[in-house]
1. Among the residues of segment 162-178, are any among the hydroxyl-bearing types (Ser, Thr, Tyr) and in a loop (DSSP other than H, G, I, E, B)?
2. Of all the residues that make up segment 29-45, how many are under 17 Å from HIS179 (Cα atoms) and surrounded by 20 or more Cβ atoms within 10 Å (Cβ to Cβ)?
3. When you scan segment 44-72, how many residues do you find that are farther than 27 Å from LEU24 by Cβ, in contact (Cβ under 8 Å) with a residue 24 or more places away in the chain and in a loop (DSSP other than H, G, I, E, B)?
4. When residues of segment 156-174 are filtered for being surrounded by 12 or more Cβ atoms within 10 Å (Cβ to Cβ) and more than 23 Å from SER57 (Cβ to Cβ), how many remain?
5. Looking only at segment 74-81, decide whether some residue is of a type outside the set (Asp, Glu) and assigned to a loop (DSSP other than H, G, I, E, B).
6. Which one of these does VAL186 not meet: (1) more than 19 Å from TYR66 (Cβ to Cβ); (2) at pLDDT below 95; (3) not in a strand (DSSP E or B)?
7. Yes or no: segment 45-52 includes at least one residue that is of a type outside the set (Gly, Ala, Ser), touching a Ser or Thr at 6+ places or on another chain (Cβ under 6 Å) and at pLDDT 95 or above.
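The values are calculated or read from the model by the stated rules, or taken from the named source; none is laboratory data. The shown structure was predicted, so the numbers you read here are calculated from the model rather than taken from an experiment. A quick note on method: Cβ atoms are made from the backbone with ideal geometry, for glycine too, and the neighbour counts reach across all protein chains shown.
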Amino acid sequence: MNQSQHQSEKTELRRKIIKQRQSLSQEEWHVKSQAICTNLFNSKLFKQAKTVLAYFSFRQEPDLNYLFSDNTKIWGFPRCVDKSLSWHIWTPQNQLVIGKYGIREPHPDSAKINPDGVDLILVPCVACDYQGYRLGYGGGYYDRFLSSPDWQSIPTIGIVFDFAYFPKVPVEPWDKQLHSVCTEVV
């Protein structure tokens, strides 16, 4: 398969999954999201983590808000800055701003997170496969971030609904394998 066919396959899969995700009713989205949060909460990696990097749901990604009231954890969230992700501490009392892609982000003045203190990264995905490879939105933000020497040794969990968890997704040489994947199915 040549590069343009490969890109076309990724684009089509991305479009199909996002459409399927956005067709979920609000109730079904909440129920599936809560089940993912329960599965995360019960996972060994999550239980042991003190500082967790997460994301705010966008375009009906699985919603992790149910976890954020866990004040035993330090929560970090990304800001899109140029072509990179900048990670900042956030608590439910902190103000959020809308970033350049329409995604909620911590305020630019909030404290940055040092990679040395991070125990777990919850990674948003359009789709994932059984080997831990993810299909993102195509901007490369997470690929660049997860490949950075400062961050690459931190455990990662890809977050997807079960309908977006496949035996195989199209993989590029620069794609970074996630440590595990969490869906609403146990």
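1. Start the filter on segment 162-178 by keeping residues that are among the hydroxyl-bearing types (Ser, Thr, Tyr), which leaves 165.
Going one step further and asking which of them are in a loop (DSSP other than H, G, I, E, B), we end up with none.
Scanning segment 162-178 turns up no residue that is among the hydroxyl-bearing types (Ser, Thr, Tyr) and in a loop (DSSP other than H, G, I, E, B).
2. So the first thing to find is which residues in segment 29-45 are under 17 Å from HIS179 (Cα atoms), and the list is 36, 39-45.
From the residues that got through so far, the ones that are surrounded by 20 or more Cβ atoms within 10 Å (Cβ to Cβ) too are 36, 40.
Residues that pass the stated criteria total 2.
3. Step one: of segment 44-72, the residues farther than 27 Å from LEU24 by Cβ are 44, 47-51, 71-72.
Those still in the list that are in contact (Cβ under 8 Å) with a residue 24 or more places away in the chain too: 48-51.
With in a loop (DSSP other than H, G, I, E, B) added as a condition, the list becomes 49-50.
The qualifying residues number 2.
4. Summing the residues that are surrounded by 12 or more Cβ atoms within 10 Å (Cβ to Cβ) and more than 23 Å from SER57 (Cβ to Cβ) in segment 156-174 gives 3.
5. Initially, segment 74-81 is screened for residues of a type outside the set (Asp, Glu), giving 74-81.
Still in the list and also assigned to a loop (DSSP other than H, G, I, E, B): none.
No, the conditions are met nowhere in segment 74-81.
6. (1)
7. no
Per-residue answers, yes or no, for (1) among the hydroxyl-bearing types (Ser, Thr, Tyr); (2) surrounded by 15 or more Cβ atoms within 10 Å (Cβ to Cβ):
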position	(1), (2)
SER8	yes, no
ARG15	no, no
SER23	yes, no
LYS47	no, no
GLN60	no, yes
ILE89	no, yes
PRO92	no, no
ILE98	no, no
PRO106	no, yes
